[in-house]
Amino acid sequence: NSIQEWQDHQKQQQKRQSESVELFVVKSTGEIVDKEWLFEHDYKRSDCDKLSDRATLAREELRSHEETARMYTELSQQNIDTITTARSSVACNHSAVRAQVEDAMDAIRQQLVDA
């Protein structure tokens, strides 16, 4: 039953596609027209791109931009992680230096008291 439904759906899709009007993009103007308009206005097929081809190119370009954005996002996160690690290291080093300075000050105070 579900196979029959799928086959019916496929047939409907094919019918819709065959009935649909093929649209074109005039290269010089970007205008979207149908084949009849091309003939009426004395344009050649070579003066146009198929709208479906342009849409495919736009989708591919969008995917490429999404991938680039994903790459930059990952790189930014790596940089943020590096900065966070460096800040943590600096904070630890600062604490260690502060403790050493305090120890030295305590030793100097003790020497003054002893003198």
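The values are calculated or read from the model by the stated rules, or taken from the named source; none is laboratory data. Quantities reported herein were computed from a predicted structural model and do not represent experimental measurements. Note: ideal-geometry Cβ built from the backbone for every residue, glycine included; neighbour counts use all protein chains shown. When the accessible area is computed, the model is the full protein with side chains, heavy atoms only, and any ligands, DNA or RNA have been set aside. Shrake-Rupley method; radii C 1.70, N 1.55, O 1.52, S 1.80 Å.
What's the magnitude of the charge dipole for the chain around its Cα centre, counting Lys and Arg as +1 and Asp and Glu as -1 at the beta-carbon? Answer in Debye, nearest 20.
Values: 15 positive and 22 negative charges, 22 e Å.
That gives a dipole near 100 debye.
Quick one: helix 51-114 against the long Cα principal axis of the chain, what's the angle to the nearest 10°, folded into 0 to 90?
So the helix axis and the longest Cα principal axis differ by about 0 degrees.
Dipole of the chain (Lys/Arg Cβ +1, Asp/Glu Cβ -1, origin at the Cα centre): which of Tyr43, Ala86, Thr29 lies farthest to the positive side?
Checking the options against the dipole of the chain, the answer is Tyr43.
On C-alpha positions alone, give me the angle between the axis of helix 2-19 and the longest principal axis of the chain, in degrees, nearest 10.
So the inclination is approximately 70 degrees.
Farthest toward the dipole's positive end in segment 76-115, which of Ala99, Gln77, Val113, given Cβ charges of +1 (Lys, Arg) and -1 (Asp, Glu) about the Cα centre?
Gln77
For log10 I(q)/I(0) by the Debye sum over Cα atoms at q = 0.12, 0.16, 0.21, 0.22 Å⁻¹, the choices are (1) -0.80, -0.95, -1.10, -1.13; (2) -0.72, -1.02, -1.11, -1.13; (3) -0.37, -0.65, -1.08, -1.17; which was calculated from the structure?
After the calculation, the listed value that fits is (1).
If each of Val101 and Ile32 carries a label point 7 Å out from its Cα toward its Cβ, how far apart are those two points in nm?
Label at Val101, label at Ile32, 6.8 nm between them.
Determine the relative contact order of segment 8-115: mean sequence separation of Cα pairs under 8 Å and six or more apart, normalised by residue count, in whole percent. Present the calculation step by step, with values, prior to reporting the outcome.
Values: 39 pairs, mean separation 17.3, N = 108.
About 16 percent, as a whole number.
Mind checking the per residue accessible area of the chain for me, 1.4 Å probe, whole number of Å²?
Values: 10060 Å² over 115 residues.
That works out to 88 Å² for each residue.
Roughly speaking, to the nearest percent, how much of the chain's 1.4 Å accessible area is carbon and sulfur? Could you put the intermediate results ahead of the total?
On the way: 5370 of 10060 Å².
Result for the chain: 53 percent of the exposed heavy-atom area is carbon or sulfur.
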